[in-house]
Each structure stands twice: as C-alpha cells, then as structure tokens.
Amino acid sequence: MRRLADFAAPWALIALLLAVWEGACRAFDVPVYFLAPPSAIAASLRDEWPSLLQAAWYTLSNALIALVLASLIAQALALTVTLSRLLERAVQPITVVLQVTPVIAIAPLVNIWAGTDHPEHALIALATIVAFFPIYSGAVTGLRSADPDLMRLFDLYGATRLQRLLRLRLPSAAPFLLEGHKVAAGLAIVGTVVSEFVAGSGKVQGLAWRILDASFRLQTAKMFAALFVLGVMGVVLYGLLELVERAALRWWRGR
Amino acid sequence: MTLAALTDVEVDYARGRALGPFSLAIQPGETVALVGPSGCGKSTALRLLAGLEAPGRGEVQRTPGLGETAVVFQAPTLAPWLSARANVTLPLELAGVPRREARERADAALARVGLSGAESARPAQLSGGMAMRVSLARALVTEPRLLLLDEPFAALDEITRRALADDVLALWSMLKPAIVFVTHNVEEAVYMAGRVVVMTKGPGRIAADVAVEGPMPRNAGFRTDPAFRATVETVSLALAQGMAA
C-alpha cells in the first residue's frame, strides 16, 4: 500500500498541475499563442510526432557521437597524463579553461569553422567539449585511486608499469569512469541543444530548431511538444545509464 | 646466517624522527613480535625489512630475493573486482608463473587456510576473518622466506583473532618462513612469537628483547601455563618502562 502511494504521488501531482493549467487557460481565456493548454499540446504531439521523432533522433544521434568521441579522447588523454606528473600539470590549465568557458560563448566560433555545409560538425564538436571534462576528471581521479597498500604489494612483487596499469589502476578507476560517463551523457545532450540554438538555421534539424522555428511562428503548443520530447529523451538516457552503472558496479564489487 | 637485518637505522618524516637508532636481526625460520606504543615506528621498521622504504641513516641487509618477502597488512587489502582465487594468484602472475600452475598453487594455498570451496567468492561476500585468511593465502602462495605482518588481526574480534593466531603458527610449521609481526596485544605477541622485541615510545628504540620458551606451534594449555603468564608480565613491564622513558 505504501509502495503504491510512493509510486502514485508524483503522478498525482503532475495530473493535478495539468488539470489546474487546463482549467486556468479555459477560465481566463488565455490566448493560445501566449500559453497553450495541455490539451492543445497533446494534440500537437499527436499531429507532429513523425517530425518530432525525426528531430529527436537528429539531436540524440549527434549527442551520442559526441559522447563516444569525448569518451575516447578523455580516456586516452587521462592515460597519457598519468604517465607523467609534468604532463598532467601542463594539460591542467587548458582542461579547466575548456570546462569553465560556457559552451554557448564558443559556439559561434565553432560554427564558423564548421562552415555552412556541415553544421552538425559544430554540434558534435561543441557537445564533445562539454562531455569531455567529467570523463577526463573521473579517469584521472580513478587512475590515482588505487589502494596504497595494494600499490605496495605490486612493488613487493616487482610489477612492471604495464602490469600495474592493467591489473591495478584501470580496474580501480572503473567506478569513477562509470560515474563520469553518466554525467557526460546528460551534458552531451545539453551541449548539442545549446549549439543547435546558436546555429539557429533550418539546416540543423534537431529539437532545438523545432522550438526556435515554432517560436518564430508563435506556435506555443508545438514549442511545448518539442520540450516534452526533449525532457523524455533526457530522462530515458539518464535512466538507461543509471541501470548500466548499477549493474556494472554490482559486478565490480561482487555483490 | 642472518635473513634480514637493520643496523642503526634512523627514519625521519616531515613531522619528525619516526624510528631509531634501531637495530634488529632476523634469523631464518624464527618468529619475532614487535610490540610498542602507537607511533613508535613499528610499521616503519616492518617496511624497512620489506625493502619498501629506505632509511635516512644506517644499513638494511636483506637476503630474500624478489618475491621471497610477503606482507600482510592491517586490512585484508584484496582487490574487490577479483575472486578470492584471482587475488591469491596475483603475486604468481606478476612473477610470470604460467596460468594453470598459478591457479593450482592458489587453490592449494586457499585450502591450507581452510577456504576450500570459497575460491570464486568475491571479497565483499567474505567475513572479515575469511578475507584475512585470503590475504594470508596470498602472502604464502609464493612460499616466502620472510613473512611480515602489520597488525594483521587488529580489526577482528577476539575469537577470530585467536583462531587466526593458531592458523598462522600451523602454516609456519609447514613452510618455516621467518615471521615478523607487529601487534599492540602483549598476549598475542607472547603466544605467537619465539622472541618479543619491545620498543620505546617514538622515535622507537629497543626497550627489551625477550625470548619466549615453549613448544612451537603452541599446545592447548599454553595460555594458562605459569611460564606464559610470567613472560606476559615481563613484556608488559618492559612496555610500561619504554613508554615512560
């Protein structure tokens, strides 16, 4: 009974808010271009779903490509810098600058470099920059997180650098890498959407463009419908990665 | 012939002198307990004997070659992502022993510590005492000539402690490595060691070097033997004087 209530509570709240929203729109005769009622948004979702789905796939596929690129680059760089303290120091300020600079501020520049023929290159590049940092810092922290007594044991038995890396440091880093990828996946979507906004042309057919295009035409219901799809996409991706992380950690810890 | 020796070693850390001047010679096959107050440098002495650290002054002589020294730490220090067997196999694999032979030797070592059947369990599935036994098996699998134990039972309850003390002595009588172990517990020191070295408060020097009479491994009534009680008193007294000094 209690579990049922726990499960039902958030849905009940959502239903209540939707009902209030719908009722208020009707009672006060709110113009539909100003605030569309939930019924109009649902109708828009029903009518527009093929094009919304296509746009969602455009955004998602670019975000996923960026995530894979960020993962490869971040892990390769983390492995390289753990070979030498000096190298890590040299790389650190650049990675921090990349992390603290808002992606929206560098987007126009990257758009120029990508050119008008391949606007998706700019999306991927920008989302890669945003997704890079959590994976990189997770990898660097993880590679240094090995139990110092286990390190001593490896010293005692004369382990080589490669043995130490493969048999101790990489496995020790696994939980940090999983966490880094989970955070990076959400950021990759944010990065893609932000750079779609900056690109702001019909050549980029993602969800952000749907929102922008609908706003130019004052199609508020369509804007909400695109936002809804974007939200669902984020939640599903996060949930999937959460499941993967939990399963992998259970395997790693052995319970 | 001496197996390992520290001669007038001194170790300084950033916060000050940690050990010394301190001298200790370990003969093959003997069991030595190091007791002393917290911060007297017992663990530092152990790391010097293991060759894991170098002294600021003095000399360290070690005859055991690569893989002939084993250390058991206060925590079991097992890799959580590896099974009990894979944890025990690790030192052999690092030494380049073929996989099949390593596996057989690891299973034999686990059987010696009474863990047959738990080979594929992960550390998280084992109790504290069982995890410590895996750690012991890992130390013994290379058949070391020098076995160093750094407060190995400190985190365990009294019953498990006593059981493991007997296990270590039983293992010692099979392979006869020299054992040096650090402990806070005077009874445990006298029970397990043929020789108890008492250290002063830090920086540690030698307060007393007490020989313990009696059969090895210990027989059932040893803890109630008047000679055992007397040795415990002697060591406790030396410890109290070393703390006051």
Check: Using alpha carbon coordinates only, what is the Rg to Rh ratio of the protein assembly as shown, with Rh defined as the Kirkwood radius?
Finding: 1.17
Notebook entry, point to check: Can you list the HN-Hα couplings for region A:221-237, worked out from phi with the Karplus curve (6.51, -1.76, 1.60; θ = phi - 60°), rounded to whole Hz and with x for Gly and Pro?
Noted result: 4, 5, 4, 5, 4, 5, 4, 4, 4, 4, x, 4, 4, x, 5, 5, 4
Next item on the list: Go through region B:23-37 residue by residue and turn each phi into a ³J(HN,Hα) via Karplus (6.51, -1.76, 1.60, θ = phi - 60°); whole Hz please, and just put x for glycine and proline.
Entry: 10, 7, 10, 10, 8, x, x, 8, 10, 10, 9, 9, 10, x, x
Notebook entry, point to check: How much accessible area is lost when chains B and A come together, counting both sides, with a 1.4 Å probe, in Å² rounded to the nearest 100?
Noted result: 2100
Check: In the Gaussian network model of chain B, springs joining C-alpha atoms below 10 Å, which of B:GLY114, B:GLY221, B:GLY36 carries the largest mean-square fluctuation?
Finding: B:GLY221
Next item on the list: Take every residue in peptide A:149-162, count the Cβ atoms of other chains within 10 Å of its Cβ, and give the average of those counts.
Entry: 6
Check: Nearest 0.05, what FRET efficiency do A:LEU53 and A:ALA5 give at R0 = 35 Å with Cβ-Cβ as r?
Finding: 0.55
Next item on the list: Enter the Cα centre distance for the pair region A:132-179 and region B:30-45, rounded to the nearest angstrom.
Entry: 30
Notebook entry, point to check: Among the residues of region B:67-82, which ones have their accessible area go down by 20 Å² or more when all the protein chains sit together, as opposed to their chain alone (1.4 Å probe)?
Noted result: B:GLY67, B:THR69, B:VAL71, B:PHE73, B:THR77, B:PRO80, B:TRP81
Checklist line | For region A:226-255, residues shielded by at least 30 square angstrom of accessible area compared with the chain on its own, probe 1.4 Å | finding: A:TRP251, A:TRP252, A:ARG253, A:GLY254, A:ARG255
Notebook entry, point to check: Going highest first, how would you order B:95-104, A:191-200 by mean Cβ packing within 10 Å?
Noted result: A:191-200, B:95-104
Next item on the list: Pop out the ³J(HN,Hα) list for region B:57-72 in order, Karplus 6.51 cos²θ - 1.76 cosθ + 1.60 with θ = phi - 60°, rounded to Hz; leave Gly and Pro as x.
Entry: 9, x, 10, 10, 10, 9, 9, x, x, 4, x, 9, 10, 10, 10, 10
Item checked: Accessible area per residue, Å², the protein assembly as shown with all protein chains present, probe 1.4 Å -> 49
Next item on the list: Using only atoms on other chains, find how many Cβ atoms lie within 10 Å of each Cβ of peptide B:138-150 and report the average.
Entry: 1
Check: When the label point is put 7 Å from the Cα of B:MET216 along its Cα-to-beta-carbon vector, which residues of region B:178-206 have a backbone N closer than 18 Å?
Finding: B:178-183, B:187-198
Note to self: For A:LYS222, give me every one of the aspartates and glutamates with a C-alpha distance below 18 angstrom, ignoring sequence neighbours fewer than eight places off in its own chain.
What the structure shows: A:GLU22, A:ASP47, A:GLU48, A:GLU196, A:ASP213
Next item on the list: Averaging sequence separations of C-alpha pairs under 8 Å and six or more residues apart, then dividing by the length of chain B, give the relative contact order as a whole percent.
Entry: 27
Notebook entry, point to check: Between Rg and the Kirkwood Rh of region B:77-144, both from Cα atoms, what is the Rg to Rh ratio?
Noted result: 0.92
Note to self: Computing the accessible area with a 1.4 Å probe over protein heavy atoms, can you report the carbon and sulfur percentage for region A:159-255?
What the structure shows: 70
Notebook entry, point to check: Given H placed on each backbone N at 1.01 Å, which residues far from B:LEU3 in sequence or on other chains put an amide H within less than 5 Å of it?
Noted result: B:ILE26, B:GLN27
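The values are calculated or read from the model by the stated rules, or taken from the named source; none is laboratory data. Predicted model only: the values in this text are computed from it and were never measured. Here the Cβ is made from the backbone with ideal geometry for all residues, glycine too, and neighbour counts use every protein chain on show. Calculation scope for accessible area: heavy atoms of the full protein, side chains included, ligands and nucleic acids excluded. Shrake-Rupley method; radii C 1.70, N 1.55, O 1.52, S 1.80 Å.
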